[in-house]
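Report on the structure given below.
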Amino acid sequence: MPLVGALAAPHSHLQLFTRPAENDDYRQKVQKGREAMLVLREQMERCGADTILVIHDDHFVNFDFRCYPPFALFVGQEAKGSGVTDPDEIEKITGATYRKYEGKDGFASAPKGIPQHMANWDDQKPYVYKVNTDLSVRLLKGLLERDFDMPLTSNGTMDGEEVLTTNFLNPKADKSIMLMFTNGYVPPLPWPRRCYKLGQAIREILDEVDDKVAILATGGMSHYPGTPLYGHVDEAFDKNVLSILASGKGSKLAQFTPDDLMNSGNGELVNWIITAGIVGDKKAHVIDYIRLWHIGLGYLYWEL
């Protein structure tokens, strides 16, 4: 079976970096997050994937209010990405050994006032990823055939959060990647039932190919960036989602509404729901749930 594994992991850069002002409790939680990521890395290696389909909500890096699609596929030859800090620091934490652009020794922080994950560094990105373009195009055509009007881009950028999670789980960059961007931020969100059906369609297509594919769903869990609720976390909602997935009833996530996701700070759950559609009603292994001051972080995988 070409689908060999599936994982769900946070992409918050605050799970990786501590600041001098953070207290011991926060530092211990960050360390627990790193340890959970290493468990996921082991699972990624164990499943034997040669390609990772990364499902990640766009943080206004590729799309904006002129056009913000519910889903989009990357069909370029290379995916390039920046980090949230200097690559040397990222590599020290994640162990990633991605190649850097030749002729550039260092990548400074983003200019003042510009979010780190949106930094261009003179349009030269420090990380370059090999893309399984053939399978990406096949997936695109297969989804169009199944009545999903799937936007595409051949010039997409991986933002810093996506880079960090991918670095942790593919530290040698020895696996090709595929990128599916989603809308987990801008209301109206895609309906969860549509996300689940999209996952089912993706599974149909993957079952027709020889590539060994693992799914990486990134995001969340509960947080409210850019709103007055920032700092609030709906732990009860998060733990209910994890319980549903652990019990092998992922299809129940399709019963949520977009408002359910937004009101609980779980817009990025669209990535997990697509993955639940790909996996089907199979029990997930929940590694950990960590509450930071502003976000709930969930770590889990499915054995396929």
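The values are calculated or read from the model by the stated rules, or taken from the named source; none is laboratory data. As the structure is a prediction and not an experimental result, all values here were calculated from the model. Neighbour counts are summed over all protein chains in view; Cβ atoms, including those assigned to glycine, are modelled from backbone coordinates with ideal geometry. These accessible areas exclude ligands, DNA and RNA; they are computed on the full protein's heavy atoms, side chains included. Shrake-Rupley method; radii C 1.70, N 1.55, O 1.52, S 1.80 Å.
Some notes on this structure:
- Compared with the alpha-carbon gap, the fully stretched path from GLU45 to GLU78 is longer by 9.7 nm at 0.36 nm per residue.
- For region 233-285 versus region 122-159, the gap between their alpha-carbon centres in whole angstrom: 25 Å
- Listed by chain and number, the aspartates and glutamates whose alpha-carbon sits under 12 Å from that of LYS197, ignoring those within fewer than 8 places in the same chain, are ASP147.
- Its relative contact order, with pairs defined as Cα atoms under 8 Å and 6+ residues apart, puts region 197-304 at 38 percent.
- For ARG27, ARG291, ARG46, the ranking by accessible surface with the largest value first comes to ARG46, ARG27, ARG291, using a 1.4 Å probe.
- Rounded to the nearest whole angstrom, the semi-axes of the ellipsoid equivalent to region 140-236, taken from the Cα gyration tensor as √(5λ), stand at 26, 20, 13, largest first.
- Taking the chain and dividing mean pair separation by its residue count, relative contact order in percent (alpha carbons under 8 Å, at least six apart): 31 percent
- Linear extension gain, ASP207 paired with TYR26, 0.36 nm per residue minus alpha-carbon span: 60.9 nm
- Those GluC sites (Glu not before Pro) in region 128-223 that DSSP places in a loop and that have at most 12 other beta carbons within 10 Å: GLU208
- Full-stretch length increase - SER247, SER154 - with 0.36 nm per residue and alpha-carbon distance subtracted: 29.6 nm
- Greater than 29 Å apart at Cα, pairs in LYS92/LYS239; LYS212/LYS283; LYS141/LYS175; LYS130/LYS239: LYS92/LYS239; LYS130/LYS239
- SER247 sits with roughly 50 Å² accessible to a 1.4 Å probe, with DNA, RNA and ligands left out of the calculation.
- At q = 0.06, 0.07, 0.10, 0.13 Å⁻¹ the log10 of I(q)/I(0) for the chain amounts to -0.17, -0.23, -0.49, -0.87, computed by Debye summation with a single uniform scatterer per C-alpha, solvent ignored.
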